[in-house]
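**Student:** My structure is below; once you've seen it, I'll send some questions.
The values are calculated or read from the model by the stated rules, or taken from the named source; none is laboratory data. No experiment lies behind these values; they were computed from the predicted model shown. Using ideal geometry, Cβ is built from the backbone for each residue, glycine included, and neighbour counts are taken over all protein chains shown. In case anyone asks, the SASA skips ligands and DNA or RNA and just uses the protein heavy atoms, side chains included. Shrake-Rupley method; radii C 1.70, N 1.55, O 1.52, S 1.80 Å.
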Amino acid sequence: MEVKELHAPGHRACPGCGCAIAVKIILRETGPNTIIVSPTGCLETFTSPIRSSSWEVPWIHSLFENAPAIATGVLAGLNSQGNPNGTKVVAIGGDGGTYDIGMGSLSGMFERKDDILYICYDNEAYMNTGIQGSSATPLGAGTTTTPVTGDSFGKMVEKKDMVAIALAHGVPYVATASIANLADLKKKVRKGMDNPGPAFILMLTPCNVGWGYEPEETVELARKAVETGLFPIVEFENGNMVSALKIRPVPVEEYLKPQKRYQHLFKNDKFEDVLKAIRKKAEDNIKKFGLA
Ligand SMILES: Cc1ncc(C[n+]2csc(CCOP(=O)(O)OP(=O)(O)O)c2C)c(N)n1
Ligand SMILES: [Mg+2]
């Protein structure tokens, strides 16, 4: 049977865009009875060039900083009319819109316990405006604002832990997902939508332009992020971990080396401590979530 894609072909994402893959699959699971909210970022830009749209569901673009508040408003509007069709509200925002500038707005949405699924597509920088670092950029990664020059080794501090932040708000459904495991991603979107109250899903969506790799390697890199332990696939219901994808850990170098943003770590021994810290991050995740 032919599937009608709700995120239609013909959008203007870069070839190999991890976010475009993710959104197509997410909408297959949400179905048409959904209103999507997106803050400014690549997703908004590549799906809505002037006078066209690749969305086959109602879609609203918010400011960079307020997607959760707009989602709350959309839900309030639906509820004020009795929401007879049970239409769901799903917000899909980038890491900049989620970890940084939209954090206050998201915190409010979590606190209000609004029945909204918020999905963050995390490409680990502000890609739309030219690869500026965000608080999701990982330790050691080069971006235009975390430069690699002289003794500077790219991002100098660890990535913010958004899963822990969502859990600290008491969000009843919190999960991570990967475009290398689509059945799991769809299952989590379904759970996040069916769960009453707020839900938060974090997805790592590699960006070949910002990370510096060949477009056809996107899904393989997403898989390597999981297999190294650097991006654990976990799921929490009411604060309790209910699933964690088991891995047979591969060395972090298998994930880092194909990416230009990490090349400086392999040029000489100067940044060995950074590599050690990245290895330790993977080991800590494996221990913390019982991945191996
Ligand atoms: C208040 C405000 N500041 C800055 C911008 C410029 N801006 C638009 S998109 C963007 C980065 C978006 O990054 P992210 O949320 O990670 O999404 P991505 O582009 O990576 O998909 C920035 C800085 C803006 N639109 N509004
Ligand atoms: Mg981003």
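**Student:** As I understand it, the dipole of the range 18-289 uses +1 on the Cβ of Lys and Arg and -1 on the Cβ of Asp and Glu, about the Cα centre. Which of 131, 89, 107 lies farthest toward its positive end?
**Tutor:** The residue sitting most towards the positive pole is 89.
**Student:** Among the DSSP beta bridges whose two residues both lie in the range 57-194, what percent are antiparallel, rounded to the nearest 5? Working shown, then result.
**Tutor:** Working: 3 of 9 bridges.
The answer is about 35 percent antiparallel.
**Student:** Sort 50, 60 from largest to smallest accessible area, using a 1.4 Å probe on the heavy atoms of the protein chains.
**Tutor:** Ranked list, largest accessible area first: 50, 60.
**Student:** Taking the Cα centre of the chain as origin, work out the dipole magnitude from +1 charges on Lys and Arg Cβ and -1 charges on Asp and Glu Cβ, in debye rounded to 20.
**Tutor:** With only Lys, Arg, Asp and Glu charged at Cβ, the dipole is about 260 debye.
**Student:** Follow-up question, since we're still on this one. List, in the order given, every pair from 246/287; 160/187; 159/280; 160/281 whose Cα-Cα distance in the structure shown is over 18 Å. Walk me through the numbers on the way to the answer.
**Tutor:** Working: 246/287 11 Å; 160/187 25 Å; 159/280 14 Å; 160/281 13 Å.
Beyond 18 Å between Cα atoms: 160/187.
**Student:** Sticking with this structure for a sec: Could you please state how large a percent of the accessible area of the chain is carbon and sulfur, counting protein chains only and using a 1.4 Å probe?
**Tutor:** Here it works out to 56 percent.
**Student:** For the charge dipole of the chain, defined by +1 on Lys and Arg C-beta atoms and -1 on Asp and Glu C-beta atoms about the Cα centroid, which residue among 274, 249, 34 has the Cα displaced farthest towards the positive pole?
**Tutor:** 249
**Student:** Calculated from DSSP H runs of 4 or more alone, at -39500 (n - 2.57) each and per residue, what is the 222 nm mean residue ellipticity of the chain, nearest 500?
**Tutor:** -10000 deg cm²/dmol
**Student:** Need one number: % antiparallel among DSSP beta bridges in the chain, to the nearest 5.
**Tutor:** On the way: 11 of 36 bridges.
Roughly 30 percent of the DSSP beta bridges within the chain come out antiparallel.
**Student:** Under a no-solvent Debye model with one identical scatterer per Cα of the chain, what's log10 I(q)/I(0) at q = 0.15, 0.16 Å⁻¹?
**Tutor:** -1.16, -1.32
**Student:** Another question about this same structure. Per the Kirkwood definition applied to all pairs of different Cα atoms, how many angstroms is the hydrodynamic radius of the range 8-163? Don't skip to the end; give the middle numbers.
**Tutor:** On the way: mean 1/r = 0.0608 Å⁻¹.
The answer is 16.4 Å.
**Student:** By how many nm would the segment from residue 237 to residue 144 grow when fully extended, if each residue of separation counts as 0.36 nm and the alpha-carbon distance is taken off? Spell out each step's value before the answer.
**Tutor:** Values: separation 93, 0.36 × 93 = 33.48 nm, distance 3.76 nm.
That works out to 29.7 nm of additional length.
**Student:** Given points 7 Å out from each Cα along the Cα-Cβ axis, report the residue 156 to residue 246 separation in nanometres with one decimal.
**Tutor:** Those two pseudo-labels are separated by 4.3 nm.
**Student:** Shifting gears a bit: Probe of 1.4 angstrom, ligands and nucleic acids ignored: what's the accessible area per residue over the chain, in square angstrom?
**Tutor:** Ligands and nucleic acids excluded, the figure is 44 Å² per residue.
**Student:** With all protein chains present and a 1.4 Å probe, how do 19, 42 order by accessible area, largest first? Walk me through the numbers on the way to the answer.
**Tutor:** Details: 19 5, 42 35 Å².
Largest accessible area first, the residues go 42, 19.
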